[in-house]
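> Okay, here's the structure, questions in a sec.
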There are 2 protein chains.
Amino acid sequence: MMIDLLKSHASVRKYTDEPVTDKQLHELIEAAQSAASSHFVQAYSIIDVTDTDKRDQLAELSKNPVQIKGAARALVFCADLKRLDYAAKKHGKTVEAGTTENFMVAVIDTALLAQNFVVAAESKGYGICYIGGVRNNPGPISKLLNLPEHVIPLFGLTFGVPAQTNEVKPRLPVQAILHTNEYEETKYETLLDEYDNVIRDYYASRSTNNKSASWTEGMADYLSEPRRSYMLDFVKGKGFLKK
Amino acid sequence: MMIDLLKSHASVRKYTDEPVTDKQLHELIEAAQSAASSHFVQAYSIIDVTDTDKRDQLAELSKNPVQIKGAARALVFCADLKRLDYAAKKHGKTVEAGTTENFMVAVIDTALLAQNFVVAAESKGYGICYIGGVRNNPGPISKLLNLPEHVIPLFGLTFGVPAQTNEVKPRLPVQAILHTNEYEETKYETLLDEYDNVIRDYYASRSTNNKSASWTEGMADYLSEPRRSYMLDFVKGKGFLKK
């Protein structure tokens, strides 16, 4: 059942050396593109990094040596208003690329595409891993991939035939993310205390990479540090988020 | 096959009056949550708008009278750092909510969740429609749903049993969105000319709502107007995109 497929998702970081053909890749991308797109703008591009030297550089810049080098394919998903620049120019107009709305549209469009790609790939037995580490060096990665103005790398995605599968990590309970009619905060105290126990148990008992940590503690440590503080300058330098 | 299911997606705007039970909704949300989340932050909330008066107001504010009122469920997907504020506070820390990186993380997380929800729902025979119109009045909608600081509505999602299905709209050809190793723009001229013909034919021959328009022309008209110019002030007012 599809729902079971979705619920079985866990990131795959180790792959066999079985290749993925262009035909297989294109089939997955076509399926991915069936996701909705705001006003049909389809504001995205995918860079398929096949060149070994570029893969190595991408791995280093993303601080991700294992997946990017080991996977059959390493893709970089980009928010893209450049193609739309062409579309507008054909009719003597220019895209308002700098608005916050259009930044949000492009980021959302690209994420919907990516998640649909993931579902398609996993349905074919592939394993995947999102690589947020691409945002560790968005400037150098943009240069590496020759991304023009109005195109920014959002995240990587590695995929291939899994060599090792991981246990599913328990998500927040539905009641913690679902609100009825109005946002309701008072429930968080109890629900997050309970979830901390769930996550502590998960980390203590999983087969590899055990640690002692609750969800809230991990979040507190991680999110209290300002990270990737260059991001606003980077996206502005690419023509986004001017206004 | 999952790939066929994905490729058959088209927005559904008219629904039967068959209800969706809370149990059915929760099952879909649980499946949706299996999508990856950056550093496991799960930076999202879903508001299920069941109150008739709020539904009417949401429909009006979104400028979407048909779907929001007619669907079994009208959900609003929100980027949410507020829950993480609670997590951090529990350990005497505060979230760096104002960074561009964390804005992107929350928007991407929410979009991945939503697309996984869509796939789960469609696999069960439901029809869905994303409602970008929620961003027509994000401030009033925030008030309507009592969204606190660090929570913003990104888009709505209506779903229910379809009363009318629509034809699939042809996407850009894979070659127009897929680049190998480096972004390649010179191919756009030919590919977009061809795609304009595909879209012109689609609009001319579809069973309803025929029009005479190419893709590039529609994009040029739509994107050359600055839209939702209030968005930066709105998200900043909610504590996002400060730096």
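The values are calculated or read from the model by the stated rules, or taken from the named source; none is laboratory data. What you see is a predicted model, and the numbers here were worked out from it, not measured in a lab. Methodologically, a virtual Cβ is constructed for each residue, glycine included, from the backbone with ideal geometry; neighbour enumeration extends over all protein chains shown. What goes into the accessible areas is simple: the full protein's heavy atoms, side chains included, and nothing from ligands, DNA or RNA. Shrake-Rupley method; radii C 1.70, N 1.55, O 1.52, S 1.80 Å.
> Helix-only estimate, please: 222 nm mean residue ellipticity of chain B, summing -39500 (n - 2.57) across DSSP H runs of length 4 or more and dividing by its residues, to the nearest 500.
Numbers: 11 runs with 110 residues, N = 243.
Theoretical 222 nm ellipticity from helices: -13500 deg cm²/dmol.
> In nm, what does the list of distances from A:ASP17 to its counterparts in the other copies look like, shortest first, when each label sits 7 Å along Cα to Cβ?
6.5
> Would you be so kind as to identify which of A:ASN166, A:PRO19, B:ALA204 lies farthest towards the positive end of the dipole of the protein assembly as shown, taking Lys and Arg as +1 and Asp and Glu as -1 on Cβ and the Cα centre as origin?
Farthest along the dipole direction, towards plus: B:ALA204.
> Related question: Distance in nm between label sites at A:SER207 and B:SER224, each 7 Å beyond Cα in the beta-carbon direction?
Label at A:SER207, label at B:SER224, 5.9 nm between them.
> Quick one: dipole size for chain A, taken about the Cα centre, charges +1 on Lys/Arg Cβ and -1 on Asp/Glu Cβ, in debye to the nearest 20. Each step should come with its number before you reach the end.
Values: 29 positive and 31 negative charges, 170 e Å.
My answer is approximately 820 debye.
> Using the Cα centre of the protein assembly as shown as the reference point, and only Cβ charges (+1 on K/R, -1 on D/E), how large is the resulting charge dipole? Debye, rounded to the nearest 20. All intermediate terms of the calculation are to be shown ahead of the outcome.
Numbers: 58 positive and 62 negative charges, 135 e Å.
Value, rounded to 20: 640 debye.
> In nanometres, what is the gap between the two model label sites at B:ASN181 and B:ASN146, each 7 Å from Cα along Cα-to-Cβ?
5.8
> Report, to two decimal places, the Cα Rg of chain B normalised by 2.2 N^0.38 Å (N = number of residues).
On the way: Rg = 19.6 Å, N = 243, 2.2 N^0.38 = 17.7 Å.
Relative to the rule-of-thumb radius for its length, chain B sits at 1.11.
> Below 14 Å, Cα to Cα, which aspartates and glutamates can A:LYS169 reach? Residues fewer than 8 away in the same chain don't count.
Filter leaves A:ASP196, A:ASP201, B:GLU30.
> Could you pull the Cα extents of region A:1-110 along its three principal axes, largest to smallest, in whole Å?
In descending order, the Cα extents are 49, 40, 28 Å.
> Could you pull out every one of the lysines with an alpha carbon less than 17 Å from that of A:LYS143, ignoring same-chain neighbours closer than 8 positions?
Answer for A:LYS143, where 17 Å is the Cα cut-off: A:LYS54, A:LYS63, A:LYS82, A:LYS236, A:LYS238, listed by chain and number.
> While we're on this one: Could you tell me the calculated FRET efficiency between B:ASP193 and B:GLN164, based on Cβ-Cβ distance and R0 = 51 angstrom, to the nearest 0.05?
Working: r = 33 Å, r/R0 = 0.64.
With a Förster radius of 51 Å, E is 0.95.
> Quick check: the distance between the Cα centres of region B:74-111 and region A:95-155, to the nearest angstrom?
What the calculation gives is 19 Å, centre to centre.
> Ignoring ligands, DNA and RNA, what accessible area per residue does chain A give at 1.4 Å, in Å²?
About 39 Å² of surface per residue is accessible.
> If you don't mind, there's one more thing I want to ask. Accessible area lost on pairing B with A, both sides, 1.4 Å probe, Å² to nearest 100? Walk me through the intermediate numbers first.
Details: alone 14540 and 14610 Å², together 18890 Å².
By this definition, chains B and A bury close to 10300 Å².
> Restricted to Cα positions, what overall size does the protein assembly as shown have along the principal axes? Three whole-Å values, descending.
Per principal axis, max minus min of the Cα coordinates gives 58, 57, 44 Å.
> Magnitude of the Cβ-charge dipole of region A:43-112, K/R +1 and D/E -1, about the Cα centre, nearest 20 debye?
Working: 10 positive and 10 negative charges, 31 e Å.
In debye, rounded to 20, region A:43-112 gives about 140.
> Ranked from the most accessible area to the least, with a 1.4 Å probe and all protein chains present, what is the order of A:MET1, A:MET231? Show your work: numbers first, answer last.
On the way: A:MET1 140, A:MET231 5 Å².
From most exposed to least exposed: A:MET1, A:MET231.
> Give the accessible area for B:THR21 in Å² (nearest 10); use a 1.4 Å probe, count only protein heavy atoms, and leave out ligands, DNA and RNA.
Roughly 70 Å² of B:THR21 is accessible to a 1.4 Å probe.
> Could you work out how much longer the chain between B:MET1 and B:HIS91 gets when fully extended? Use 0.36 nm per residue separation minus the Cα distance between them, nm to one decimal. Don't skip to the end; give the middle numbers.
Working: separation 90, 0.36 × 90 = 32.40 nm, distance 4.63 nm.
Going from the current span to full extension adds 27.8 nm.
> State the percentage of accessible surface on the protein assembly as shown attributable to carbon and sulfur atoms; use a 1.4 Å probe and exclude ligands, DNA and RNA. Before the final figure, lay out each step's value.
Working: 8940 of 18890 Å².
Summing carbon and sulfur atoms, their accessible area is 47 percent of the total for the protein assembly as shown.
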